[in-house]
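Novice: Please find one structure pasted underneath; my questions will follow.
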Amino acid sequence: METDKPILLSGIKPTGVPHIGNYFGAIKQLVEFQTVGSHQSYIMVADYHALNFVQNAGDMRDLTRELVLTYMASGLNPEKVVLFKQSDVPAHTELAWIFDTITTMPYLMRAHAFKDGEAKNKEVSVGTFNYPMLMAADILLYNTAKVPVGHDQKQHIEFARDTAEKFNRTFGETFTLPEEFIVPEVAVVPGLDGQKMSKSYNNTIPLFSSRTDIEELVMSIVTDSGSDRPENVYAIHKLLKTEHELESLYTEHTGKYKALKEALIEDLDAFIAPLRERYHELASDPRTVLDVLEKGGQLARERANVKMEEVRRAVGVS
Ligand code: AMP
Ligand code: TRP
C-alpha cells in the first residue's frame, strides 16, 4: 500500500442485493481510480450505518459478505486498495461521538434522510438522525481528499466538510477538507419503472443476475406506449453503449419495444456474465472474504488510530 498518495475513501451500506445502480453510480468509479493509481483508496463496508436498517445478525453477516464479494468481483483488488469493514475500526464511532458534541440539532435536521423520515411520519431513530456524523467520521479519520459517491450523497459530504471546519475552528487545525466526486452522466441510474434504481423501490437489476432473471427483469421494464422510443429501456441501455451506437438500433426499431428489449437483454448479459462468473468463483472459498477483511481492518485501524490520537489530544482527553 502506498501512503504518500492522496487518500480516496468510499463506502456502501450492506442493506440489500447490490444492483447495477450501485455499480454504475459508485463501484465503477472506484475501480477506475484503482486503475489510474492516483490515490490510495480506502473502501468500506458501512455496516454500522446499515444497522439502522438491518437488525438481524444473520442478515447483516450475509449482506456484508455479499458486498465484499461485489467489490472484488467488480474489479477491486485488496492488494491495491484497503478493503475493510467500518465496525472493525472503533475510531469511527468514537470520532462520531466527538462530532455529535460540536453539532447542533437544527443543523442535523436539515439532512434529507431525516426530513424524508419526518415527512413520512416515521419515528426516526437517533442512529438515523446522527448518520451524517458517523459518515463525517468515516471520511475525516483518513485525511480523505476525494469521496466518490452517487449524487444522493452530496449533502453528506458537505456535512463532513462543515464538521471538519467546525472542529478545526474549535480545537485547532486537525482535519483536511474532503471533496465529493460525482460522475454527472450516471449521477442517477434509473430503475425498471424509470424512478431512481433503488432496493427500496423494488425496481433493480441485481448485479449478478442470471440470464433468466435478466430476461424477466428487462421484459418487465415499464414502457409508455405512445412514444417512439421506450425511454426506460433506453436509459438503462445508455449505461452499456454509447448514444452513437444506440442511435441506429433505436431508429431501425422505432416503436418495436420487444426487439429493443431483446437487444438490451443481450447487452446486459454480455456485461453481467463475466462479473457473475467471478462472483461465484470468489464465493466458492469461504475464507476469501474473512482474510480480506482481516487484513483490510488491520491497515485501516493503523491509520485511523494515528488520527484518533491526534483528535484526543486536540480535545484534551488524552
Ligand atoms: P446504497 O445502496 O443506497 O447504499 O448506495 C450505495 C452507493 O451507490 C452510493 O454511492 C449511492 O449513491 C450509489 N447508488 C445507489 N443507487 C444508485 C442509483 N440508482 N444511481 C446512481 N447511484 C446509485
Ligand atoms: N451513506 C453512504 C450511502 O448510503 C454510505 C457511506 C457511509 C459512505 N460512509 C461513507 C460513502 C463514507 C462515502 C464515504 O451510500
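Novice: With θ set to phi - 60°, apply the Karplus curve 6.51 cos²θ - 1.76 cosθ + 1.60 along region 199-216 and write out the HN-Hα couplings as whole Hz, x wherever there is a Gly or Pro.
Specialist: These are the phi-based 3J(HN,Hα) values: 4, 6, 9, 6, 10, 9, 10, x, 5, 10, 4, 6, 3, 4, 5, 4, 4, 5 Hz.
Novice: What's the magnitude of the charge dipole for region 3-88 around its Cα centre, counting Lys and Arg as +1 and Asp and Glu as -1 at the beta-carbon? Answer in Debye, nearest 20. Intermediate values should be presented prior to the final figure.
Specialist: Values: 7 positive and 8 negative charges, 17 e Å.
It comes to approximately 80 debye.
Novice: Around residue 41, which amide H atoms from residues at least 5 apart in sequence, or from another chain, sit under 5 Å from its own amide H, with H modelled in the peptide plane?
Specialist: Long-range HN contacts for residue 41: 8, 82.
Novice: Rounded to the nearest 20 debye, what is the charge dipole size of region 199-281 about its Cα centre when +1 sits on each Lys and Arg Cβ and -1 on each Asp and Glu Cβ?
Specialist: 200
Novice: Follow-up question, since we're still on this one. May I ask you to derive the relative contact order of the chain, considering only C-alpha pairs under 8 Å and at least 6 residues apart, and to give it as an integer percent? Let's see the in-between values first.
Specialist: Values: 452 pairs, mean separation 70.6, N = 318.
Relative contact order here is 22 percent.
Novice: Here is a follow-up. Quote the convex hull volume per residue of the chain, based on C-alpha atoms, as a whole number of Å³.
Specialist: 144
Novice: In sequence order, what are the phi-derived ³J(HN,Hα) couplings for region 236-253 according to the Karplus relation 6.51 cos²θ - 1.76 cosθ + 1.60 with θ = phi - 60°, rounded to whole Hz, with x for glycine and proline?
Specialist: Whole-Hz 3J(HN,Hα) from phi for region 236-253: 6, 4, 5, 6, 9, 9, 6, 4, 4, 5, 7, 4, 5, 4, 6, 6, 4, 10.
Novice: Hey, another quick one. Tally Lys and Arg at +1 and Asp and Glu at -1 over the other residues with C-beta under 10 Å from the C-beta of residue 296: what net charge comes out?
Specialist: Its environment carries a net charge of 0.
Novice: Can you pull out the GluC sites (Glu not before Pro) in region 119-201 whose DSSP state is coil and whose Cβ has at most 11 other Cβ atoms within 10 Å?
Specialist: When the GluC sites (Glu not before Pro) of region 119-201 are filtered for loop state and at most 11 Cβ neighbours within 10 Å, 123, 173 remain.
Novice: Please list, in chain and number order, the residues 5+ apart from residue 207 or on another chain whose amide H is under 5 Å from its amide H, with Hs placed from the backbone.
Specialist: Under 5 Å from the amide H of residue 207 lie the amide H atoms of 19, 20, each far enough along the sequence or on another chain.
Novice: Once each part is reduced to its C-alpha centroid, what is the distance from region 132-187 to region 287-318 in angstrom?
Specialist: 18
Novice: Against the longest principal axis of the chain, how steep is helix 287-315, in degrees 0 to 90 to the nearest 10, with axes from Cα atoms?
Specialist: Helix 287-315 and the main axis of the chain meet at about 40 degrees.
Novice: Straight-line reach only, C-alpha to C-alpha below 28 angstrom: list the lysines that residue 166 could link to, leaving out same-chain residues fewer than 8 apart.
Specialist: 5, 13, 85, 115, 146, 154, 307
Novice: Please quote Rg/Rh for region 199-281 to two decimal places, taking the Kirkwood radius as Rh and restricting both calculations to Cα atoms.
Specialist: Ratio value, two decimals: 0.98.
Novice: Taking H as built 1.01 Å from N, whose amide H comes closer than 5 Å to the amide H of residue 181, not counting residues under 5 places away?
Specialist: 147, 149
Novice: Then there is this: Can you tell me how much longer the chain between residue 309 and residue 55 gets when fully stretched, taken as 0.36 nm per residue apart minus their C-alpha distance, in nm with one decimal?
Specialist: 88.3 nm
We did not get these values from a lab; they are worked out from the coordinates using the rules stated. It should be emphasised that the depicted structure is a prediction, and the values quoted were computed from it without experimental measurement. When we count neighbours, we look across all protein chains shown, and the Cβ atoms used for this are built from the backbone with ideal geometry, even at glycine.
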